Amino acid sequence: MNLRLLSVAIALVLSAMLLGAGVYESVAVAPNFQGAPTSLEHARGFYHATNPGMFFRVLSPAVQLFLLVALVCNWKRPGTRWRLAGALALAILSDVITFKFHYPRNSILFNAPLTNPADLNRAGAEWAMGNYVRIAVVLTMVVLVMVSMIRVARRTAPGDHRLS
């Protein structure tokens, strides 16, 4: 296996992990933000040792790093280059959404006093809707990386005598 294909394969696996984690949050975590203050008391108690952010703080930069490596390794292929550059831009956009949209709502959900259930439920609903947007961004990123990997794999298939 050559470096071009390996770099895209690693980027694809990590990107798919990011997508799966985002979907999991929408299915298993976000519904638990409704029903404040009781739901948030339980959520705050559950996340006493760690939280999903710990996972994303490692995975998201790893995705960006390996997308950058894949982009550098495949720079000479214009079609693949622009798909990987687009995927990297979407990975960065996903982090921008996280920091600018989700973190303020995380602060409300996990740090604000539990005295105003309507505001807490609104923040939870907004968080959930914003996560759907983030999932769409990450899904698009995964598709771009997947198409890039298929293109790279076709060009590096055994018996293929095209210049690589």
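I'd like to check something: does segment 56-74 contain any residue that is out of contact with any Phe, Trp or Tyr (no Cβ under 7 Å at 6 or more places or on another chain) and within 24 Å of Arg122 (Cα to Cα)? Looking for residues that are out of contact with any Phe, Trp or Tyr (no Cβ under 7 Å at 6 or more places or on another chain) and within 24 Å of Arg122 (Cα to Cα), one finds at least one in segment 56-74, hence yes. Set side by side, the residues Ala136, Ala118 differ, and just one is within 13 Å of the chain's Cα centre (by Cα), assigned to a helix (DSSP H, G or I) and without any contact (Cβ under 8 Å) to a residue 60 or more places away in the chain, which is Ala136. Inspection of segment 11-18 identifies no residue that is more than 16 Å from the chain's Cα centre (by Cα) and more than 30 Å from Leu109 (Cβ to Cβ). Exactly one residue out of Leu6, Leu71, Leu65, Leu59 is at pLDDT 95 or above and surrounded by 17 or more Cβ atoms within 10 Å (Cβ to Cβ): that is Leu71. Taken together, Leu59, Leu6, Leu40 contain a single residue that is among the hydrophobic types (A, V, I, L, M, F, W, C), more than 22 Å from Val142 (Cα to Cα) and in a helix (DSSP H, G or I), which is Leu40. The selection criterion, being within 13 Å of the chain's Cα centre (by Cα) and either in a helix (DSSP H, G or I) or touching a residue at least 40 places away in the same chain (Cβ under 8 Å) (or both), does not hold for Ala70. If the condition is being in a loop (DSSP other than H, G, I, E, B) and buried (at least 16 other Cβ atoms within 10 Å of the Cβ), then segment 75-115 contributes only Arg77. Within segment 81-115, restricting attention to residues that are more than 15 Å from the chain's Cα centre (by Cα) and β-branched (Val, Ile, Thr), the residue that is nearest to Leu19 (Cα to Cα) is Ile108.
The values are calculated or read from the model by the stated rules, or taken from the named source; none is laboratory data. Computed from a prediction, not measured in an experiment: that's the story for all the values here. Here the Cβ is made from the backbone with ideal geometry for all residues, glycine too, and neighbour counts use every protein chain on show.
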